[in-house]
Every structure is written in structure tokens, then in C-alpha cells.
1. For the pair Glu146 and Ser73, how long in nm is the line joining their label points, each one 7 Å along Cα→Cβ?
2. For Leu30 and Glu242 in the same chain, what is the full-extension length gain: residue separation times 0.36 nm, less their Cα-Cα distance, in nm?
3. Sort the following peptides by mean Cβ neighbour count (other Cβ atoms within 10 Å, averaged over residues), highest first: 179-192, 224-237.
4. For the stretch 220-237 and the stretch 61-82, what is the centre-to-centre distance using only Cα atoms, to the nearest Å?
5. Highest mean first, how do 87-97, 268-278 rank when packing is the count of other Cβ atoms within 10 Å averaged over residues?
6. With a 1.4 Å probe and all protein chains left in place, how much accessible area per residue does the stretch 141-251 have, in Å²?
7. Quick one: if the Förster radius is 41 Å, what FRET efficiency do Glu44 and Gln344 give, using the C-beta to C-beta distance and rounding to 0.05?
8. Provide the net charge surrounding Arg151, with neighbours chosen by a C-beta distance below 11 Å and charges set as Lys +1, Arg +1, Asp -1, Glu -1.
Amino acid sequence: MNRRAFLLLTDGLRFNLMDRKEVQRLKVELKGQKLEILARDLHEPCTSRAWLEQALFLPPGFVGRLHAQGLVSRDANRLHVESKIYPDDRIVIDLSAFAPPTTLQQLDLKRVSTQSPGAEILFEDPHLLAVQKPAGILIHSERPEEDTLDRRVSIQLGSPFVYHVHRLDRGTSGIVLYAKHALMLRSLDHQLAKHKIRRLYVALVEGNLSPLNGTLNDSIGKDRHHAGRYRVSKGGQPAVTEYHTLFSPLFYGQQKVSLLACQLKTGRTHQIRVHLSSRGCPVVGDVLYGALQPRLSSARQVNHHSAIESTKEAFFLHAHALSFVHPYTGKAHLLTAHWPQAWQPVLELVGDHRLDRKLHHLYKELNGAEVQA
């Protein structure tokens, strides 16, 4: 199966990631700073609170705040949480009360658009988008002048109203999901909290894990002796990572490595990196967590030292796939990121088509994928 065939096949996948009762098909339009929703799939009256929680997959507390602030209306009349919504009502939510991220408010988009790179968009619709994050940049920063993924997305869209749904470490590459407005952000945040958004990472690690497949569930906390570092700690927060060995052993010069697929069941800071390092298999290039040889340059080189060059800005951890159910359409999406150039030696060694096939079957197995006509 070539790369194009793989992408066409994954475009046709549908995942049972949410109970179908949680999803309604809606007509939702963003008009300036107002979100207009047509309740065309509502078959009987219900309260505004219940309808917004179900229809837009919003958390109850947030729905209560929308009503309390007078942001929900019908025919210019303010609705309360117990107001009745009827089939084919047109509901309007005022988004003007929600500010963009502080650092993006300060950007002069017309000026920086000619000076900074934009983001590489993998998927986009009127309410959300997914982009490819290169290794070596942060998702966001408190300094508006710093090159971040948030900044690139804002430049690409020409709008400061962009909100990342989840994060990747500076040295990690791969797919990141963004919301274009505050309502979509809350819906996707809610899915993330309910483990409805699934993410699959690929990691090249030193050595090999035993057993080849398993679950790492050690709690993670801050390392008191090293700022910015985390460690396995009994007093830390619960953390669960599933891993599956894709190829092992592999050899680069004198170094034995393995290629793993990892899926997060929790979202702790540096979780995959900490868990793998704690088992003596740090991610290749991750010097913060004990990797001995930071970066690979060519699979064909046999000299151990010339095959590896040091970097603190990137390592071999790639957020390869992400799946979610669109809160407004009910459609399930599987999105995949392409492989960065730095991964080409790995792909040459294992075969990119073989790797894609393995990841495709593994993702179906892990997430209950169903291929539909």
C-alpha cells in the first residue's frame, strides 16, 4: 500500500469514539462574533441547558455561565437555563465576551505575516483546524515576539482567535488540534477530558522494552532537583501510557534502538518521555531524560559518532495520528501527520509502507475503528 492509498483509506474510516446519543447533526454558522445554531434535529422541546450540553457537547458549568452572562438568545431575547428550545429554533451565542490568547492580541498580523512563516494545515473547516507542528518550536509563549505554533496559526488564518486544544513539547513533532472560537474550544476540551480524543505517537527509543507490548502506569511528578524536568514519583499524578513495539531491534551504527507506538490514557507533562526513560529506554535525542546520543542523521552511515549529532531542540517523538468526533456534524475524523525530514533514515530502515500498514491496523485495534461504505 503506497502513502496515497493509505491516506485515502484513513479518510474513509469512522470511529465509535462517542455514544451516538451524545452527537446531534446541527447547522452551525459562525457570523463574525456570533454563533448561530439551527435546532433542526430536535424532535421535542427541551431546556436550553440540556440542549446546549447535548447539541454542542459543552460542560454543564460552562453552559450555566453562558446563560448567566446573557450570551444565549433567540430572536434577540435572552434565554435562561430553563428556557424551552423548540425544533427548528435559531439560537445565537454571543462570542464577543471571549478574548483571544493574550500574546496573540498583541500581534500586528499584517506586519508579521510577511516576516514569519505560517502553519501547515492538515485539516480545516469553519470551526476548527489541525496543523503540523515541526520539532523545535513551542506551542505558545508569554513573549509575543517568539516564533510559536500559536503565532504561526494566527498568521495563517489572519485572526488572533485561535486556541490550541492540547500541547506537544518543544522537541516533539506532529499533529495539533486548534479551535477557531471559544465554543468549539470548550467542546473539544470536554471531549479531551472524557478521553474522546485519541492520539497515537511514534517514538524511536534506545534499547528495547520488555515485554514488547504493555502499559506503563507509574505516577509522575516534578523533579525537585532539576527545573523543567519530571520523574516517576509515588506522590505524583496518575499517568497511563500504552505502548506497542513496532520494530525491534534496529541498529544505527553501534546503537540498538526500537520503534514504538504509544497512546496516552492521561495527559501529564512529558508523560511518554518520562515513562520510557524510567524503563531505561529514553527517546533518541531526548538528552533531558538521559538519552546518550541525541540525534540521527543518516541510516546509511556506519560510523557511530558521525551518524549522530547533538540537539536540544528536537528528538524522535512524533504525534502521528489523532481522532475525534466533530461536535457539530457528528462525523468521526482520523487525521495523520506526515513524517518530518529528520525521520527519513528511520523510514528507510523499516520501510515507510510497512510502518504505515502497522500503524493503520494498530490504530483500528486500539480505537475500535470500523470501515464503513
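1. 4.0 nm
2. Working: separation 212, 0.36 × 212 = 76.32 nm, distance 3.81 nm.
Extending this stretch completely gives an extra 72.5 nm.
3. On the way: 179-192: 21.6, 224-237: 12.6.
So the order, starting with the most tightly packed, is 179-192, 224-237.
4. Centre-to-centre (Cα) distance: 42 Å.
5. Values: 87-97: 15.5, 268-278: 22.4.
The peptides rank, most packed first, as 268-278, 87-97.
6. Values: 4920 Å² over 111 residues.
Here the residues of the stretch 141-251 average 44 Å² of exposed surface.
7. Details: r = 57 Å, r/R0 = 1.38.
That gives a FRET efficiency of 0.10.
8. Numbers: positive: Arg143, Arg152; negative: Glu145, Glu146, Asp147, Asp150.
Cβ neighbours under 11 Å give a net charge of -2.
The values are calculated or read from the model by the stated rules, or taken from the named source; none is laboratory data. Predicted model only: the values in this text are computed from it and were never measured. Quick reminder, even Gly has a Cβ in these numbers, built from the backbone with ideal geometry, and neighbours come from all protein chains shown. These accessible areas exclude ligands, DNA and RNA; they are computed on the full protein's heavy atoms, side chains included. Shrake-Rupley method; radii C 1.70, N 1.55, O 1.52, S 1.80 Å.
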